[in-house]
1. Please work out the ratio of the alpha-carbon Rg of the chain to 2.2 N^0.38 Å and round it to two decimals.
2. Below 8 Å between Cα atoms, with a sequence gap of 6+, how large is the relative contact order for region 32-97 in percent?
3. Which of the GluC sites (Glu not before Pro) found in region 62-128 are in a DSSP loop and have at most 16 neighbouring Cβ atoms, other than their own, within 10 Å?
4. Using alpha carbon coordinates only, what is the Rg to Rh ratio of region 160-215, with Rh defined as the Kirkwood radius?
5. Alpha carbons only, please: Rg and Dmax for region 127-227, in angstrom.
6. List every residue whose amide H lies under 5 Å from the amide H of residue 197, counting only residues 5 or more places away in sequence or on a different chain, with H placed 1.01 Å from N in the peptide plane.
7. Share of antiparallel DSSP beta bridges in the chain, in percent to the nearest 5?
8. Tell me, what is the percent relative contact order of region 145-234, built from C-alpha pairs under 8 Å that lie six or more residues apart?
Amino acid sequence: MLVTNNDPGGVTMRIIKRLAIFDMDGTLLNTLDDLANACNHALRENGFPAHPNEAYRYFVGDGIHKLVERSLPLWVKNDETVHARVKEAFDVYYGAHSEDLTKPYDGVLETLDAMRAQGTRLAVLSNKPHEFVTVLAKKYFGERFAVAHGQRAGYPRKPDASLVKEILELTGTGQGDCIYCGDSGVDMQTAKNGGVYAIGALWGFRDGEELLKNGADALAESFPDLLKFSHGTY
């Protein structure tokens, strides 16, 4: 969407992106402690050692199956029976405790509202199970998101290109009118596979080196910085 502003130097073109897609964990919400506590509970319940919460920064990002796999000791990582048992314990505990310590990052709500006010539609695309995504999106963000998709049965996980393309189709948006913001290499791959502008979130679970290595077009130091990308002056 183009808006023209008169200024002393002539006409400045302000390009407003029509759609902004966000990862959830580590981008919109700081969910690390609730995820870590749930997984550690499931591990202990099944007789396995727990991990420091900070270790979960590198376990999350690829869905719950991968989270459980990465948390298990090496000798049982490929044991499907053990994996299923731990995941079940995780699901039960996280379902009851997913909101204990989780909260939006600083500036998230204000920035989302500013984006919407300028005409940018908002969406969520996460590898977190869809049922958790919908509950958390509703609780913390109300009706701000036009689409909120988590991992759904019968659909691939990020970084599959079809997931971004599905949201573009649902919102009637072209690739060039969309930004995607996430905090992991998987998120940057997702954006690039989907043909949209990739913004790495430096406030999240991973570092800038990983984000750039996986194709970030830009890095944002704080959530309000995203306004520079969704509402740039050219």
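1. For the chain, the normalised Cα radius of gyration comes out at 1.06.
2. The value is 39 percent.
3. Passing both the DSSP loop test and the Cβ count: 99.
4. Working: Rg = 11.1 Å, Rh = 11.2 Å.
Rounded to two decimals, Rg over Rh is 1.00.
5. 13.4, 35
6. 178, 180
7. Given both bridge residues lie in the chain, the antiparallel proportion sits at roughly 35 percent.
8. On the way: 130 pairs, mean separation 20.4, N = 90.
23 percent.
Values quoted throughout were computed directly from the atomic coordinates according to the rules given, and no laboratory measurement underlies them. In this text, all values refer to a predicted model and were calculated from it rather than measured experimentally. All Cβ positions, glycine included, derive from the backbone under ideal geometry; neighbour counts span all protein chains shown.
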